[in-house]
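A short worksheet on the structure shown next.
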Ligand code: KG4
Ligand code: ZN
């Protein structure tokens with residue numbers, strides 16, 4: 001079965017073709033057109049600009065995905081079995097661009113369409129390849145610019161949120177902190193590059209909600225703590241690598257502590273990592289070594305499938321089509337606040 005995935009929930013216009021066969025998901029093409037250069041000068045995503053860019057880019061991106069997968073446009077209605085499109089959460093006008101495209105293709109190709117939750121997409125990035133290695137119950141830590149949450153998958157397809165951020169997401173804390181230090185956008189990758197050069201000692205930042213008796217997170221106070229630390233330190237501009245390393249470690253400490261505790265409580269057999277922040281090399285290395293101390297399996301997505309992409313949406317679609325959960329294209333609509341369960 002071949003699935004066309006479409007993702008336009010924020011500032012990446014993406015299309016991908018996945019093939020689901022014999023318990024494996026193979027990505028035949030994966031095209032992402034990023035708008036980072038456009039939004040950089042504003043220090044964040046401007047929703048109206050993002051939506052207009054999606055409208056311009058979506059068809060060329062889909063054409064390229066078909067071409068890379070060696071599917072001629074004229075053969076697409078026969079060769080594509082289903083279209084999977086992100087319907088939320090995300091920016092309303094950006095989502096509409098992808099959804100309306102998917103509905104139109106569904107109608108003219110006469111191919112069924114399924115709506116995908118963006119966070120479920122991130123989680124399904126871990127299922128690309130041979131997903132037989134994932135044993136249940138599985139625990140998933142999703143860390144992105146819009147979300148930070150721990151979810152439990154009791155069995156394949158049954159996802160339940162067990163904790164989430166009460167304010168800012170981890171990626172958002174990185175992005176806002178980078179703005180504070182005037183080091184660029186998006187903050188996550190820039191902070192992680194600076195962090196590699198840290199040498200000096202600086203005051204520790206807090207580890208928010210580390211010992212709270214639940215699996216929720218809070219990262220907005222961390223950014224405020226950084227602001228106060230910079231205000232007190234007249235020489236902070238000489239210590240940007242140190243502040244980046246401390247901020248990164250504060251976030252990683254909380255994420256790992258909560259994930260390991262949750263895995264014990266729910267007797268997880270697999271721990272998975274997902275979302276844009278899962279591109280962070282320190283987080284990948286430290287979580288992997290923390291999990292290695294147990295007999296739990298650790299799975300994380302390839303770097304290409306960490307930040308927003310359509311391969312993960314096509315992968316999520318593989319499981320919806322499996323259960324024949326097709327939507328009528330007429331009923332498909334945006335849900336910018338769509339919950340995971
Ligand atoms: O999943 P994603 O592409 O979009 C959302 O669904 O939000 O995540 C984007 C977030 C941004 O906050 C960005 O700063 C962060 O992921 N990010 C990183 C890294 N690469 C992207 N954070 C830390 N380290 C990275 N290497
Ligand atoms: Zn995302």
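Checking the structure you have, find out if any residue of segment 64-86 is within 16 Å of ligand 1 (Cβ to nearest atom) and in contact with a strand residue (DSSP E or B) (Cβ under 8 Å, 6 or more places away or on another chain). Yes, segment 64-86 has at least one match.
Residue-by-condition table, conditions (1) surrounded by 20 or more Cβ atoms within 10 Å (Cβ to Cβ); (2) within 30 Å of residue 173 (Cβ to Cβ):
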residue	(1), (2)
6	yes, yes
9	yes, yes
38	no, yes
62	yes, no
65	yes, no
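Within segment 257-276, the set of residues being away from ligand 2 (no atom under 16 Å from the Cβ) and part of a helix (DSSP H, G or I) comprises 257, 258, 259, 260, 261, 262, 263, 264, 265. The residue list 279, 339, 304 contains one member that is out of contact with any strand residue (DSSP E or B) (no Cβ under 6 Å at 6 or more places or on another chain), at pLDDT below 95, under 30 Å from residue 115 (Cα atoms) and within 16 Å of ligand 2 (Cβ to nearest atom), which is 339. For segment 107-126, a residue qualifies if it is part of a helix (DSSP H, G or I) and crowded, with 24+ Cβ neighbours inside 10 Å, and the qualifying residues are 118, 119, 120, 121, 122, 123, 124, 125, 126.
Filtered by the rule that a residue be crowded, with 17+ Cβ neighbours inside 10 Å and either in contact with a helix residue (DSSP H, G or I) (Cβ under 6 Å, 6 or more places away or on another chain) or modelled with pLDDT of 95 or more (or both), segment 135-146 gives 138, 139, 140, 141, 142, 143, 144, 145. Applying the criterion of being within 15 Å of ligand 1 (Cβ to nearest atom) and assigned to a helix (DSSP H, G or I) to the residues of segment 294-331, the residue that is farthest from residue 93 (Cα to Cα) is 303. Filtering segment 197-219 for residues that are part of a helix (DSSP H, G or I), within 14 Å of ligand 1 (Cβ to nearest atom), surrounded by 15 or more Cβ atoms within 10 Å (Cβ to Cβ) and under 25 Å from the mean Cα position of the chain (by Cα) leaves an empty set.
Restricted to segment 81-96, and to residues there that are touching a residue at least 60 places away in the same chain (Cβ under 8 Å) and away from ligand 2 (no atom under 16 Å from the Cβ), the residue that is farthest from residue 6 (Cα to Cα) is 81. Inclusion of residue 160 among residues that are part of a loop (DSSP other than H, G, I, E, B) and either touching a helix residue (DSSP H, G or I) at 6+ places or on another chain (Cβ under 6 Å) or modelled with pLDDT of 95 or more (or both) is not warranted.
Per the listing 334, 254, the residue uniquely within 16 Å of ligand 1 (Cβ to nearest atom), in a loop (DSSP other than H, G, I, E, B) and in contact (Cβ under 8 Å) with a residue 24 or more places away in the chain is 334. As a summary of the residue check, residue 33 satisfies the conditions (1) farther than 11 Å from residue 314 by Cα; (2) touching a strand residue (DSSP E or B) at 6+ places or on another chain (Cβ under 6 Å); (3) more than 16 Å from ligand 2 (Cβ to nearest atom); (4) without any contact (Cβ under 8 Å) to a residue 40 or more places away in the chain except for the one numbered (3).
Scanning segment 10-26 for residues that are assigned to a loop (DSSP other than H, G, I, E, B) and closer than 15 Å to residue 121 by Cβ yields one hit, 10. Across segment 44-51, not a single residue is classified as in contact with a strand residue (DSSP E or B) (Cβ under 8 Å, 6 or more places away or on another chain) and in a helix (DSSP H, G or I). More than 16 Å from ligand 2 (Cβ to nearest atom) and free of Cβ contacts under 8 Å to residues at least 12 places away in the same chain - does that describe any residue in segment 124-131? Within segment 124-131 (the criterion being more than 16 Å from ligand 2 (Cβ to nearest atom) and free of Cβ contacts under 8 Å to residues at least 12 places away in the same chain), the answer is no, since none of the residues qualifies.
Candidates in segment 163-195 are the residues that are part of a loop (DSSP other than H, G, I, E, B) and buried (at least 19 other Cβ atoms within 10 Å of the Cβ); of these, the one that is farthest from ligand 1 (Cβ to nearest atom) is 181.
The values are calculated or read from the model by the stated rules, or taken from the named source; none is laboratory data. Computed from a predicted structure; not experimentally measured. Cβ: placed from backbone, ideal geometry, glycine included. Neighbour counts: every protein chain shown.
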